[in-house]
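**Student:** There's a structure below that I have some questions on.
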Amino acid sequence: MPIVETLAEIAKPWARFYSKSDVAQTLVMFTHLAGMLGGGGVAIAADRAMWKARTATDEVRARLLADVEAAHRPVLTGIAMAGVSGVLMTAADVETYVPSLLWWGKMAAFALLLINGAWLQSMERRAQRAPATLSSAWPRLSLASKFSYALWFAVVLGGVLLMNA
Ligand code: HEM
């Protein structure tokens, strides 16, 4: 597959350095797992609080939305750490990962996680601007939070399966 060979050629200097450097491998994998733990941990806690609030008062929901808004920065930082380190690990062995259906499956789950996250954030912002719509908006917010929760675990499963690729 010419594209794989081209990418492998471009990534060769990094792949050669990475394969010989335990420090680089440790730092990159640590960044990957730290991004998952830090960003994913905050994200799934917020997701759980969102769907737990389906029976809460609008006052409690409004306070929760303010808390969840403050959670976006650590979540996006974690996703960026996992993303950049993921690209570096993929570049270190293009011939294994890019042709792998498992890798593409994980990338699809990662893309869905980002799309669902953008949808969730846009609904949260809309609900914050119009508190009177909180009750009608909450079922969709709760559903998107459950998708987010499941997608984080799907990406992690994809990652662990990749380890054995
Ligand atoms: C939220 C995003 C992500 C999470 C939570 C995540 C999670 C994981 C986990 C748990 C592992 C297994 C680590 C282990 O068993 O030691 C892993 C491995 C891996 N991930 Fe990710 N990942 C994410 C995003 C990405 C992205 C965007 C890419 C590629 C662009 C990627 C590429 C990889 C690769 C190549 C491995 C295997 C590394 C190896 O075999 O040494 N990951 N990931």
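**Student:** Given +1 on the Cβ of Lys and Arg, -1 on the Cβ of Asp and Glu, and no further charges, what dipole in debye does the chain carry about its Cα centre, rounded to the nearest 20? Before the final figure, lay out the partial values.
**Tutor:** Numbers: 15 positive and 11 negative charges, 108 e Å.
Magnitude of the dipole: close to 520 debye.
**Student:** Which net charge results for the neighbourhood of LYS146, defined as the other residues with beta-carbon distances under 12 angstrom from its beta-carbon, given Lys and Arg at +1 and Asp and Glu at -1? Mind showing how you got there, number by number?
**Tutor:** Working: positive: ARG48, LYS52, ARG54, ARG140; negative: ASP47.
With Lys, Arg at +1 and Asp, Glu at -1, the net is +3.
**Student:** Based solely on C-alpha atoms, express the radius of gyration and the Dmax of segment 1-131 in angstrom.
**Tutor:** 19.0, 58
**Student:** What is segment 2-164's relative contact order, in percent, from Cα pairs under 8 angstrom and six or more apart in sequence?
**Tutor:** 34 percent.
**Student:** Oh, and also: Tell me, what is the FRET efficiency for HIS72 and VAL23 to the nearest 0.05, using R0 = 30 angstrom and their Cβ-Cβ distance as r?
**Tutor:** 0.40
**Student:** Express the accessible area of segment 86-165 per residue in Å², computed with a 1.4 Å probe while the remaining protein chains stay in the model.
**Tutor:** Value returned for segment 86-165: 55 Å² of accessible area per residue.
**Student:** A further question follows. Using 1/(1 + (r/R0)^6) with R0 = 35 angstrom and r between the beta carbons of GLN121 and GLU95, what's the FRET efficiency to the nearest 0.05?
**Tutor:** Working: r = 37 Å, r/R0 = 1.05.
It comes out at approximately 0.45.
**Student:** Sticking with this structure for a sec: Would you tally the net charge around MET50, using a Cβ to Cβ cut-off of less than 13 Å, leaving MET50 out, and scoring K and R as +1, D and E as -1? Let's see the in-between values first.
**Tutor:** Numbers: positive: ARG48, LYS52, ARG54, ARG61, ARG63, ARG140, LYS146; negative: ASP47, ASP67, GLU69, GLU124.
Local net charge: +3.
**Student:** Roughly how much of ILE115 is accessible, in Å² to the nearest 10, using a 1.4 Å probe?
**Tutor:** 110 Å²
**Student:** Between LEU114 and THR55, what length in nm is gained on full extension when 0.36 nm per residue of separation is reduced by their alpha carbon distance? Don't skip to the end; give the middle numbers.
**Tutor:** On the way: separation 59, 0.36 × 59 = 21.24 nm, distance 2.71 nm.
Using 0.36 nm per residue and subtracting the Cα-Cα distance, I get 18.5 nm.
**Student:** Take the solvent-accessible surface of the protein heavy atoms, probe 1.4 Å, and return the percent of it on segment 2-164 that carbon and sulfur atoms account for.
**Tutor:** Its accessible area is 70 percent carbon and sulfur atoms.
**Student:** So what's the net charge close to GLU69: Lys and Arg +1, Asp and Glu -1, counting the other residues with Cβ under 13 Å from its Cβ?
**Tutor:** Here the count lands on +4.
**Student:** Follow-up. For segment 6-56 and segment 58-91, what is the separation of their C-alpha centers, rounded to whole Å?
**Tutor:** Rounded to whole Å, the Cα centres lie 12 Å apart.
**Student:** Something else about it: Using only Cα atoms and rounding to the nearest 10 degrees, what angle (0 to 90) does helix 58-91 make with the longest principal axis of the chain?
**Tutor:** Rounded to the nearest ten degrees, it is 10.
The values are calculated or read from the model by the stated rules, or taken from the named source; none is laboratory data. Keep in mind that what you see is a predicted model, and the values were worked out from it rather than measured. Neighbour counts run over all protein chains shown; Cβ positions are idealised from the backbone, glycine included. Please note that ligands, DNA and RNA were not included when accessible areas were found on the heavy atoms of the full protein model with its side chains. Shrake-Rupley method; radii C 1.70, N 1.55, O 1.52, S 1.80 Å.
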